[in-house]
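**Q** Right, I'll just put the structure down here and ask away after.
The values are calculated or read from the model by the stated rules, or taken from the named source; none is laboratory data. Computed from a prediction, not measured in an experiment: that's the story for all the values here. Cβ sites come from the backbone with ideal geometry, for glycine too, and all protein chains shown count toward neighbours.
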Amino acid sequence: MSALAETAAAVPGTVARRVTLRPGRILAGLFLTAIVVAALVPALLAPQDPLAISTDGAFLHPGAAHLLGTDESGRDTLSRMIYGARPSLIMGLGATAIGVAGGTLLGLIAGLGNRITEGAVMRLIDVVLSVPELLLALVVITLLGTGVSNALFAVGFAAIPAYARIVRAQAHIVRRATYVEAAGTLGIRRVTVIWRHVLPNAVRPVLVLATIGIGGAIGAGASLSFLGLGAKPPAAEWGDMLSIGMQYISNDWLLAAIPGAAVTLTVLSVTVLGRELRRRSEGRTGR
Amino acid sequence: MRLSLRLHAVFTASAALLLLSACGGGGAGGAAAAAGPPVSGGILNLSMSQDPLCLDPHAISSDVEQIFGRIQFDNLIYLDSKGNPSPWLATSWQISPDGKTYTFRLRKGVTFSDGVAFNADAVKVNFQQMLNPATRSPLAGPYIAPYQYSKVIDDDTLEVHLSRPYSPFLNVLAQGWLGMESPKAIQQDTPAQLCEKPIGSGPFVLTNYTKNQSVTFTKRQGYDWAPSTFNHSGAAYLAGINVSWVGQDSVRYNSLASGQYQATGYVPAQNAAAVKANPNLSFSNIDRIGWPFALDYNTSRAPFNDIDLRRAFTASLNVPAIVQTIGFGQRQQATGFLDRTTQYYDPTAKMPGFDRALANRLLDQAGWTGRDAAGYRTKDGKELLVEFPVTQTATISPVYDLVQAQAKQAGFHVDVKPLPLAQMTTVRYGGDYDLSSGVWHTNTPDVLYIKYATFSIPTPNRLGQNAAHLSDPQLDTWLEQARETTDPATLKKLYGQAQHRLIDLAPGVPIYDNSVLWAVSKSVHGVITDTSHGTPVFTYAWIKE
């Protein structure tokens, strides 16, 4: 990727200035597209069964039969990587959805409620915010037990406070907006006003932020699996593969490097595109 | 092959070999000669795997005590190179004809590091502490369960009375978990205090313990009561031993290879070849006495209350392939229910081999003829499910994946469920599983009683180790008779019969013989291999670059 960026930078003149950032975005887009395709139809792309073990084919180096080699149980690493895309994306999207939904609900309650409600909700959120997100997710896992769905809920739950604060702040702005006042004056029911006017306007900036959040959630989900708290072996999951690869790093460093690179590149790609989205949305609202 | 030769050397050669390995840190005799006379001083940095969070040997079952026990404590007995009891703090002993009274003569002039004298009363206090319910002893206490009371004859003579004959008694007294602690500390300190700072009479004194981080041992001046089989006397050469807990396999290997530690008690199997090839390290892979790494069938509930299903599962596993994949050439396939190095191991009691056709036939006969969408066998619409809870760790052993995948070929659905340790303990002692796995290391063939006697079935009140819930009157009789005799010929016969009986009953699948993999830097000399545990002993180790 850096090689491509350098090539782009070598293009002379003002064009280069405008183009320098673009290959990154294009690559991010291409990479994410590949990940999404892998997540949707892994069976089409994967050369082999990701769970098929072979006791005499362990730790094979990359070659024609196994493009990325095999793991400690002789499973095809490329196939496992492809099948690992789905749990990662589900984790990213699912956890973010939980975070946004929960955050929006609490944010609206706080932003539109009376002072006592707002104080109660916001102080609660402050308390929860004081705990780092991953630690909070670990607490949730401790209470609920391990597993993919619990890990997803835990990461989503941990993201709620941050979204709640943003939605509350937006709701504060929107509730004083003239169009909301006008709607009230017209005698439209409060619930309808919130649903039709406050919610869409308060949530829009959150959705942009959430795009970046998806990357964070994928990283957090992989971290939990890395610690053995998420996906259950032998399921193909990047965090879990990284964790196992670590144990054999002296035998075959690729086993750790490949899933590590996949998590990093996915989070990076999502963040690159998310930032671009934010930049554009801010650009529009700024004018 | 190399491995078995090595084990043969370690376990059957005489004291001369112990002396040789004492000079070479695992058998490198030539290098030892070049190293010259022992040098005093220096700190040995040792990496261990997991902190048991308590260092009172009577209160824990962690294998850490196999190494720490020899650093900080002394025992009444030490096993000689043939596995027979030999003197340590007990200089001699007599067993009454009925096998229930042991009279120990004790070594004079021994003191604990707090200055308290070691005598008959101290031993009595130690036995009482191991059996005191407040100690919650998981190992030391159960190992001396037949103990009834002691009578102090004089300072140096103790008469121990057992409720029934128990011939493994002297052997278990040699294990690290049964080290002698200061009676003053036992009587004055709470269990929590003993966990943090136990006091022994060994060659090193515990001077600092930071949980999950480090343990510091300092040389005990004036120590002069090592087992006579060490052929050595006086205090330790090392000024101290610094221990760090390094949980990650890869970190433990790399920190050893980089020289940050001069020894590790746990070489990860996957790094053994690299450690062996490293010119700065000497590597040991010592086979152990006891029960091999094996799977237990829960014979108290379906599906494995049916012996044909146990046989079918056993036949579905290609054990040599599993051992080859997970052992990295370091593990020997287990042949039966005792590790090869155990006294009275019977090589003719052999497990049947991998036979998928047999597995399929047995399952068809048992009526598991249907197949569901996933390919698992069914009977009356019920899936052939095998619940296999395992302890939750960051990296689950690949052995579970392999067992799962191979058993699937025959139609078993093995559900591997990683559970947190606390929950795992509940499940294990509540019998809520179909398959469990583990090793059991002790230094006597009585391990068969611990693993398979009806008495050893776990109950809500007792943490028995009969995870298979096996209850066979014939086997019980032989194992109990073996506890009542010290006659080698009778023991050989009884344990031989028991091993054959276990093959017939199929209460589990032995996978590989339990062995310990450890390594020390070539600059460390004089490391002895422990006769009970196969672990390194640093009493007379010394460092010379």
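**Q** Identify the single condition in (1) within 14 Å of chain B (Cβ to nearest Cβ); (2) touching a residue at least 60 places away in the same chain (Cβ under 8 Å) that A:A256 does not satisfy, given that it satisfies every other one.
**A** Single failed check for A:A256: (2).
**Q** Do the conditions hold for B:G259, that is, is it closer than 22 Å to B:R70 by Cα, small (G, A, S) and more than 14 Å from chain A (Cβ to nearest Cβ)?
**A** So B:G259 fails the test.
**Q** Could you count how many residues in region A:178-205 are closer than 17 Å to A:A110 by Cα and exposed (fewer than 14 other Cβ atoms within 10 Å of the Cβ)?
**A** Looking only at that region, the number is 4.
**Q** Between residues in region B:475-489 that are touching a residue at least 12 places away in the same chain (Cβ under 8 Å) and residues that are part of a loop (DSSP other than H, G, I, E, B) and aromatic (F, W, Y), which pairs lie under 6 Å by C-beta distance while being six or more apart or on different chains?
**A** B:R483/B:Y166
Yes/no per residue for (1) on the phi > 0 side of the Ramachandran plot; (2) without any contact (Cβ under 8 Å) to a residue 24 or more places away in the chain:
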site: B:A294; (1), (2): no, no
site: B:N305; (1), (2): no, yes
site: B:D308; (1), (2): no, no
site: B:A315; (1), (2): no, no
site: B:N318; (1), (2): no, no
site: B:G329; (1), (2): yes, no
site: B:Q332; (1), (2): no, no
site: B:W368; (1), (2): no, no
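**Q** Within the group A:T146, A:T142, which residue is within 14 Å of chain B (Cβ to nearest Cβ), more than 23 Å from A:L265 (Cβ to Cβ) and in contact (Cβ under 8 Å) with a residue 24 or more places away in the chain?
**A** A:T146
**Q** Just checking, how many residues over region A:220-232 are over 11 Å from A:P87 (Cβ atoms), part of a loop (DSSP other than H, G, I, E, B) and either among the small types (G, A, S) or in contact with a Phe, Trp or Tyr (Cβ under 7 Å, 6 or more places away or on another chain) (or both)?
**A** So the count comes out to 1.
Table: residues versus (1) assigned to a loop (DSSP other than H, G, I, E, B); (2) over 23 Å from B:A312 (Cβ atoms); (3) touching a His at 6+ places or on another chain (Cβ under 6 Å).
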| position | (1), (2), (3) |
| --- | --- |
| B:S437 | no, no, no |
| B:W440 | no, yes, no |
| B:N443 | yes, yes, no |
| B:I450 | no, yes, no |
| B:S471 | yes, no, no |
| B:Q474 | no, yes, no |
| B:W478 | no, yes, no |
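**Q** Take the residues in region A:45-60 that are touching a strand residue (DSSP E or B) at 6+ places or on another chain (Cβ under 9 Å) and more than 14 Å from chain B (Cβ to nearest Cβ), then tell me which one is farthest from A:I82 (Cα to Cα).
**A** A:P47
**Q** Looking only at region B:81-104, which residues are assigned to a loop (DSSP other than H, G, I, E, B) and more than 19 Å from B:T485 (Cβ to Cβ)?
**A** Just the residues of region B:81-104 that are assigned to a loop (DSSP other than H, G, I, E, B), to begin with: B:81-84, B:88-89, B:96-100.
Of everything in region B:81-104, those that are assigned to a loop (DSSP other than H, G, I, E, B) and more than 19 Å from B:T485 (Cβ to Cβ) turn out to be B:S81, B:W88, B:L89.
**Q** Here's something else I'd like to know. Need the failing condition index for B:N466 against (1) out of contact with any helix residue (DSSP H, G or I) (no Cβ under 9 Å at 6 or more places or on another chain); (2) within 23 Å of B:P133 (Cβ to Cβ); (3) not in a helix (DSSP H, G or I), just the number.
**A** (1)
**Q** Report whether or not B:Y253 is within 11 Å of chain A (Cβ to nearest Cβ) and either part of a strand (DSSP E or B) or of a type in the set (F, W, Y) (or both).
**A** Answer is yes for this residue.
**Q** Give me a count of the residues in region B:192-236 that are among the polar types (S, T, N, Q), under 20 Å from B:Y78 (Cα atoms) and without any contact (Cβ under 8 Å) to a residue 24 or more places away in the chain.
**A** So the answer is 1.
**Q** Okay, moving on. Within region B:396-433, restricting attention to residues that are farther than 19 Å from A:Q247 by Cβ, among the charged types (D, E, K, R) and assigned to a helix (DSSP H, G or I), which residue is nearest to the other protein chains (Cβ to nearest Cβ)?
**A** Checked region B:396-433; the qualifying residue nearest to the other protein chains (Cβ to nearest Cβ) is B:K408.
**Q** Tell me which residues, restricted to region B:37-80, are touching a helix residue (DSSP H, G or I) at 6+ places or on another chain (Cβ under 7 Å), charged (D, E, K, R), in a loop (DSSP other than H, G, I, E, B) and within 23 Å of B:V125 (Cα to Cα).
**A** Once the filter is applied, which keeps residues that are touching a helix residue (DSSP H, G or I) at 6+ places or on another chain (Cβ under 7 Å), charged (D, E, K, R), in a loop (DSSP other than H, G, I, E, B) and within 23 Å of B:V125 (Cα to Cα), region B:37-80 yields only B:D56.
**Q** Of everything in region B:114-154 that's among the aromatic types (F, W, Y) and in a strand (DSSP E or B), which residue is nearest to the chain's Cα centre (by Cα)?
**A** Checked region B:114-154; the qualifying residue nearest to the chain's Cα centre (by Cα) is B:Y147.
**Q** Only residues that are at pLDDT below 90 and surrounded by fewer than 14 Cβ atoms within 10 Å (Cβ to Cβ): list them for region A:21-51, please.
**A** A:L21, A:R22, listed by residue number.
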